[in-house]
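Here's the structure, in structure tokens; my notes come after.
The values are calculated or read from the model by the stated rules, or taken from the named source; none is laboratory data. Just so it is clear, the model here is predicted, and its values are computed rather than measured. As a convention, Cβ positions derive from the backbone with ideal geometry for all residues, glycine included, and neighbour counts pool all protein chains shown.
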Amino acid sequence: MRYKVLSWLRLSRKNAMPEPEVTHDWYEHHIITLTKHEKFRTKDGGVPLFGRKPAWVHLYPRNERDLIELLQKYDIHPLTVEDIFNSSNRIKREKFPHYTYLCFRGVHLAGSYITTKDFNFIITKNTIITVSESERTTIDKLLADRTLCRELLRKGPEFILHRILDIETDHTLHIVHEIDLAFERCEGALMAHSASLDISMVFELKSSLATIKKLILTHKEIFDEMHAHDIRHFSAESEAFFRDVRDHAIKIIDTIDGIVQAIASAIEAYNTISTKRTNDIIRILTIMTAIMLPLTLVTGYFGMNFKHLPMTEDQNGYLKTIIGMAILAGVMMVFFLKKRWL
């Protein structure tokens, strides 16, 4: 799947520290149960059924055919397989006779870009299957911690789902806070009307927040559906944990609303300051024009090419004219000052 670049952000003055990479072998699948952690590339007959034993299966299929062969015993609908490999798949929950398919979208920072990554879950009664066609740091780190995987499985496979969704939701909240910090740096420049400020960056921040909010609102709808339909198949203990993830999603939405409102207020203040400065410049230029107009009239009058004009034969005519023009300009300046136009 190609990651869609949502917006360009200068989120920090310093280069962000890269996350430690979890080394793994691509196309190496995982089966985690309470007693073993099996890795394999191919498996005759596909992934086995586990009955009442809790299990987590994570797959890195090369293509749709590979996934169908791996899950041949699970009677996965062809449309589910198509959705998993569809780069424009929407966030959704689909109920099938033998399983529930969930697609969530995580938000991540990749350098100065925001990217989205789909997380696909196939949930049966005692087994959870995750499918990735590329790197998912959250899942890779969880797979690397075998002790934690078994602890979560002892509680129930739904806790694997909760763990992944909880981490991804917290990642999104962290990104929203980073955007908030970026805006705070912009806000000072906006109020100071700094010439070095790129105003388009503020609109980029607003656009990114709108996109994240759209994703989180869809996630919240999925959490509501899970609470109404799927949670009853999970343990009673897990219900509170999924409510907590839903609360985090609501917190993200509220935080985004607050930031967007602050951005709107800052842009309005910026436009007000810009309008005031423009009016000040126009007023000064108008006053200069008003002062220069009578002076231009005087110089134009004495610049006419006639033989007989007043003071043309006066030896002090030039000096008198300059003094008169200065007095005229001074009187107009005093008049403008009394009118508080300067």
Checking TYR113 against (1) touching a residue at least 40 places away in the same chain (Cβ under 8 Å); (2) within 26 Å of ASP44 (Cβ to Cβ), which single condition isn't satisfied?
(2)
Please work out which residue is nearest to the chain's Cα centre (by Cα), limiting yourself to segment 272-283 and to residues that are loosely packed, with under 12 Cβ neighbours inside 10 Å and not acidic (Asp, Glu).
THR272
Flagged in segment 144-184 as of a type in the set (A, V, I, L, M) and more than 28 Å from the chain's Cα centre (by Cα), in numbering order, are ALA144, LEU148, LEU152, LEU153
If you check every pair at least six apart or on different chains, which have Cβ atoms under 8 Å apart with a residue in segment 222-239 that is surrounded by 15 or more Cβ atoms within 10 Å (Cβ to Cβ) first and a residue that is at pLDDT below 80 second?
SER238/ILE231; GLU239/HIS227; GLU239/ILE231
Just need a number here: residues in segment 42-80 that are part of a helix (DSSP H, G or I) and under 29 Å from the mean Cα position of the chain (by Cα).
1
Residues that are in contact with a Pro (Cβ under 7 Å, 6 or more places away or on another chain): which strands (runs of 3 or more DSSP E) entirely in segment 88-184 hold 3 or more of them?
127-131
Near pairs, Cβ below 9 angstrom, 6+ apart or cross-chain, from segment 319-332 (in contact (Cβ under 8 Å) with a residue 24 or more places away in the chain and surrounded by 11 or more Cβ atoms within 10 Å (Cβ to Cβ)) to any residue that is assigned to a helix (DSSP H, G or I) and polar (S, T, N, Q):
MET325/THR299
